[in-house]
Amino acid sequence: MADPIFEAARILGERIRARRAELGISQENLDARSGVHWSYLGQVERGQRNPSLRNLLRIAAGLDIDLGELVRGLPAPPEQDDDGGGEGEPARRPRRG
């Protein structure tokens, strides 16, 4: 079974590429519209990068699409048991002294 993070990145990239094609714009054009470098966009489209929320918002704006449409239904990562937190609790870093 594929890792959900990698699967989500792949699907997200496909959606971004499809929307860009629908608009008839190149990665360079999307760079100009979003402020996200075209080479980074290529990596996102290939599922090789996990973009930050800031970059996702910029890409969505450049594609004139709601971010929710790009991320809707993406697989969530599984809960991790080794994070030091209890079930359902976020992991916390130990305090420094």
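The values are calculated or read from the model by the stated rules, or taken from the named source; none is laboratory data. Because the structure is predicted, anything quoted here is derived from the model rather than measured. FYI the Cβ positions are ideal-geometry reconstructions off the backbone, even for glycines, and counts take in every protein chain you see.
The combined condition, being surrounded by 14 or more Cβ atoms within 10 Å (Cβ to Cβ) and assigned to a helix (DSSP H, G or I), is fulfilled by R20.
When the range 54-67 is examined, which residues are found to be within 19 Å of I5 (Cβ to Cβ) and either polar (S, T, N, Q) or loosely packed, with under 11 Cβ neighbours inside 10 Å (or both)? Quick ask: steps written out before the conclusion?
At the first step, the residues of the range 54-67 found to be within 19 Å of I5 (Cβ to Cβ) are 54-56, 59, 67.
If the condition is that a residue be within 19 Å of I5 (Cβ to Cβ) and either polar (S, T, N, Q) or loosely packed, with under 11 Cβ neighbours inside 10 Å (or both), then R54, N55 are the ones that fit.
Applying a threshold of 9 Å to beta carbon distances and a minimum spacing of six or more residues, or different chains, the list of pairs starting in the range 31-48 at a residue that is assigned to a loop (DSSP other than H, G, I, E, B) and ending at one that is surrounded by 14 or more Cβ atoms within 10 Å (Cβ to Cβ) and among the basic types (K, R) reads G35/R58; V36/R58; R46/R10; R46/R17; G47/R10.
If you check G73, G86, G62 for being modelled with pLDDT of 60 or more, more than 14 Å from the chain's Cα centre (by Cα) and among the small types (G, A, S), only one passes: G62.
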